[in-house]
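Shown next, in structure tokens, is the structure this report addresses.
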């Protein structure tokens, strides 16, 4: 169950990362409120996952999901450039997340 919670935390982190730009430097109230709420929810879910998972592994997977999701969605939604180097970096992060999952002892 902890892995599912960790995945949910990573997905919320992606939403949080994408919610920062509309705050316009945290000068717009409702986008800022949403951004802070998403940040708090991501941290809360991560804290639940860390109860049963090694902290380092959980945090690495959490940030990996966030990085992969933020780059991918920013490319799709904001037309951020996807260069060969960025795609290679995302592929390496994906491999790292999978390896971390496969080498973590069972709960």
Is it the case, given these coordinates, that residue 33 is surrounded by fewer than 17 Cβ atoms within 10 Å (Cβ to Cβ), more than 14 Å from the chain's Cα centre (by Cα) and assigned to a helix (DSSP H, G or I)? yes
Which numbered condition in (1) farther than 28 Å from residue 92 by Cβ; (2) touching a helix residue (DSSP H, G or I) at 6+ places or on another chain (Cβ under 8 Å) is the only one that residue 27 fails? (2)
When the residues of region 88-102 are filtered to those that are free of Cβ contacts under 8 Å to residues at least 40 places away in the same chain, within 14 Å of residue 56 (Cα to Cα) and touching a helix residue (DSSP H, G or I) at 6+ places or on another chain (Cβ under 8 Å), which remaining residue is surrounded by the fewest Cβ atoms within 10 Å (Cβ to Cβ)? 96
Going through region 12-30 in order, the residues found to be in a helix (DSSP H, G or I) and more than 13 Å from the chain's Cα centre (by Cα) are 20, 21, 22, 23, 29, 30
Would you confirm whether any residue within region 54-74 is under 17 Å from residue 1 (Cβ atoms), more than 13 Å from the chain's Cα centre (by Cα) and either at pLDDT 95 or above or not in a helix (DSSP H, G or I) (or both)? yes
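The values are calculated or read from the model by the stated rules, or taken from the named source; none is laboratory data. Fair warning: this is a prediction, and the values are worked out from it, not measured in the lab. Backbone-built Cβ (ideal geometry, glycine too); neighbour counts: all protein chains shown.
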